[in-house]
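Data first, discussion second: the structure below is written as structure tokens.
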């Protein structure tokens, strides 16, 4: 699916937990997420902390969208 | 190596409960796979292949999996999921769902045969894990 | 035995009416007439089948009035009640191929009448309809008419008579994505050795089981002006409106959902949930922002970090590796997002 | 190594007073063979029957199929590690009884499978409808454990096959085929311009009813190794695999490995056939990693240009298959895979449980889930009691009119993954 969105002419950032799978399915901009059942959250944190964590990830995703890439790239910390 | 045996096979539970960490699933084969998947999603690592046995997944009612539980990272973050385990368990759940599930097996001697074979395949994995 | 009744669909060009300048003629029903390639079909059918009517339609007209013209033609075909509906062959003519595929698929699906067409493998109609009707493979131009008619008549008779259709490579139709068994001439080991010899010699060879698609797509340029960009959310994590109104399946979904985010600033357990069967749903059901970060994006929209969060989001279910269905609806979602002026996409997966 | 296979064409099997091979006919006195089976006290009783091509006969549940052979020249004897000592086989001269097979049958576990129909639509799918079959049906002593019974029947089959093979000793073969491979240096000198080709065979090794043995060793214990392709012809690789009839490799197919034969047919002409590499299909994931690393390393060290890779079974072996393919291709060795498919009854599901872009050259033995109706046949050798329980059958398998509705996976060797048959799919 990520490839089809990219093919439609849209830059895509794939926020996903298992980055090797993301690489296999052909995503170009990849941001690693927290855990499979809650990629953009952490139920162990309280609500504000959790939202701050999510905000950090989303900002990282936006940053990836604003970065020119040449092929596949995983945006680690 | 520290690992648990996740199984719905009573024979396997009997065999290993004294010597190993056994988590018995009182349910069907798919319940074992789903339980394993949820553990894998949270960082556990599969040690044996979830589609073992040429007995197709909708034929045997039993499944026994060796699962290495992740160490909790000290910083409170989540253990990273093991990509190969995620892939294998995902494929296994899909493979299970693609076959027509047949009538539930109730014949005791047949059930015993399935238990024996499942145990045998489990033993070969345990032998490898313990060596 | 009574002759097999066939209705034939062709475009304005093959009906001898004219080329591009006549592509806007509406659909016409010619009862009892055999026109253009239909003549060759009829000869090929010998006494076993006959064309009882020919439908002619301009390619532009068809493609610009799809729904209306489809309904009109379906009405005619229903009344004619043929045993088989043949469209084309369309060779490499794109709009003609799409018309043939559309109408053949509709006849089959909506009227339950057997249908078939023929075209070149790269005709866009082929990819769109090869799993909905039998598409016989033809050459890329009308110079291949004789060959196409020969293949299509043979297939038509076999199909109309209810004989068993073999594998795609045996009966010359395009693979429908369904695996069909058949006996090869050579045993498997010999075929493997022959394939290896070709592979070693760098000659072309054809695998008998193509692996799922692993191709790559070039990355699109980065977003230059995030503060004015429209960002859309898409997820394979199955976040749906509570109650799953579109019935997205829990695994290997065959459809996707489109949901409004208008007036939604935070996802909560009363309004959104996950339909995904591939992970423990507890956390996503408690707070779907954990999969689809609407709350944060609304904040960033308000702060002016992004221009706008797109008012619709798309959701399906995937475990990352199942690519078969995802491809089809990925393209559809992409089309809708582009049409809505979206600049970039955040795709979240579990 | 150089091995001559002398082929003795068997045109009929008959029960008779004296067991012998004469004029192309195998005469069998069952009393001569019963003691050979019953010397193992785990087997209570045995009976023999004959099934010929075209007869209205169904054999089920089939355990193994074996071709009787006898070694008349060269080191060792047939079935090393079982019947003979563990001398390295694969050189000298071996006689084979062609056109016939020994079929072992009888229930080991309740869900066992394996159908050989000698006529009708099912016969098209199994190669053993074309052989004259001597069938051996064993009954265990009371209370025998499944493991022990499997081993008992497996070994009894080899003993009987070897004894039948002995009947051929001294007989002039109808035809002789010579198979010869070279040492590494010799091969490079002899065929400097031919691509070096190997055959990587994956052996089923998961546990009870899913095992394969090499020179008597349980192959799950091995690390991948190199064999002369002629060793398998003398019975160095035997099957202990009972499950999934359509794609298990019976001993007969190891003896007559079609990939080995078809590579030999090109040997010295278009390729230099270097060796067979055997590897396993263990359940333990680290074993899979290790074994596939080893096969790839061996392919590289032998400077192979290409290989054919065959698997056995479905599901977890698909993971071994893809690992092997990926790693061997990564060493620059061109790979062709032979497999079969489980695409569902409608043919719409993904065929393999694993996939990779490196697997770009695949030969398939067909979709094992295809449904077939088998007619009622006049005679059953073995028993139909288990047909409803076997893989690929369902609770409505045995229909009221006596016909069977089954998936072709119940038919012995229907979708063989060494390419023994012509069945395929697209």
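Readers should treat all values here as calculations from the given coordinates under stated rules, not as data from a laboratory. Owing to the predicted nature of the structure, the values given are computational and were not obtained by experimental measurement. Quick reminder, even Gly has a Cβ in these numbers, built from the backbone with ideal geometry, and neighbours come from all protein chains shown.
Some notes on this structure:
- Each of D:339, D:119, C:271 was scored by other Cβ atoms within 10 Å of its Cβ. Listed from fewest to most, they are C:271, D:119, D:339.
- Cα-based values for the stretch C:4-171, radius of gyration first and Dmax second, are 14.1, 43 Å.
- Per-residue shielding of C:301-308, expressed as the average number of other chain Cβ atoms within 10 Å of the residue Cβ, stands at 1.
- Angle between chain B longest axis and helix B:108-130 axis [Cα atoms, degrees, rounded to 10]: 30
- Equivalent ellipsoid semi-axes - Cα gyration tensor, the stretch A:2-71, angstrom: 24, 14, 9
- Relative exposure of C:337, D:209, judged by other C-beta atoms within 10 Å (fewest first): C:337, D:209
- Centre separation in Å (Cα based) which lies between the stretch D:172-240 and the stretch A:49-75: 53
- Distance-filtered residues of the stretch D:91-109 - backbone nitrogen under 16 Å, label point 7 angstrom along residue D:175 Cα→Cβ: D:95-100
- Of all DSSP beta bridges in the protein assembly as shown, antiparallel share, percent nearest 5: 45
- Largest first, the three principal axis extents of the alpha carbons in the stretch C:73-143 are 33, 22, 17 Å in whole numbers.
- Pair-distance profile P(r), taking every C-alpha pair of chain D, with 10 angstrom steps and integer %: 5, 23, 33, 27, 11, 2, 0
- Rg ratio (alpha-carbon, reference 2.2 N^0.38 Å) - the protein assembly as shown: 1.03
- Distance between the C-alpha centres of the stretch D:285-345 and the stretch D:1-70: 36 Å, rounded to the whole angstrom.
- Centre separation in Å (Cα based) which lies between the stretch C:235-275 and the stretch D:100-135: 52
- Axis of helix A:47-65 versus longest Cα principal axis of chain A: the two differ by about 10°, to the nearest ten degrees.
- Fully extending the segment from residue C:127 to residue C:218 would add 30.6 nm, taking 0.36 nm per residue of separation and subtracting the current Cα-Cα distance.
- Residues within the reach of a label modelled at residue D:383 (point 7 angstrom out along Cα to beta-carbon, backbone nitrogen below 12 Å), restricted to the stretch D:209-239: there are none.
- Of all DSSP beta bridges in the stretch D:260-409, antiparallel share, percent nearest 5: 40
- Per residue, the convex hull spanned by the Cα atoms of the stretch D:270-387 amounts to 170 cubic angstrom.
- At an R0 of 35 angstrom, the distance between the Cβ atoms of residue C:146 and residue C:340 translates into a FRET efficiency of 0.15.
- For the stretch B:4-130, the spread of Cα coordinates along the three principal axes comes to 51, 35, 24 Å, biggest extent given first.
- Axis of helix C:188-200 versus longest Cα principal axis of chain C: the two differ by about 70°, to the nearest ten degrees.
- Here the calculated FRET efficiency for residue D:189 and residue D:301, from their Cβ-Cβ distance with R0 = 22 Å, stands at 0.75, rounded to the nearest 0.05.
- Per residue of peptide D:322-334, the mean number of Cβ atoms on other chains within 10 Å of the residue Cβ is 1.
- The label-point distance for residue D:373 and residue B:31, in a model that sets each label 7 Å from Cα toward Cβ, rounds to 3.9 nm.
- Pairwise Cα separations in the stretch D:225-296 fall into 5 Å bins from 0 onward with the following percentages, short to long: 3, 14, 19, 21, 22, 14, 5, 2, 0.
- Extension gain (nm, one decimal) between residue C:66 and residue C:203, 0.36 nm per residue minus Cα-Cα: 45.0 nm
- Among C:151, C:22, a tally of other beta-carbon atoms within 10 Å of each Cβ gives an order, fewest to most, of C:22, C:151.
- Per residue of chain D, the DSSP helices (runs of n ≥ 4 H) give a summed -39500 (n - 2.57) that works out to -6000 deg cm²/dmol at 222 nm.
- The label point for residue A:68 and the one for residue D:265, both projected 7 Å from the Cα toward the Cβ, are 5.7 nm apart.
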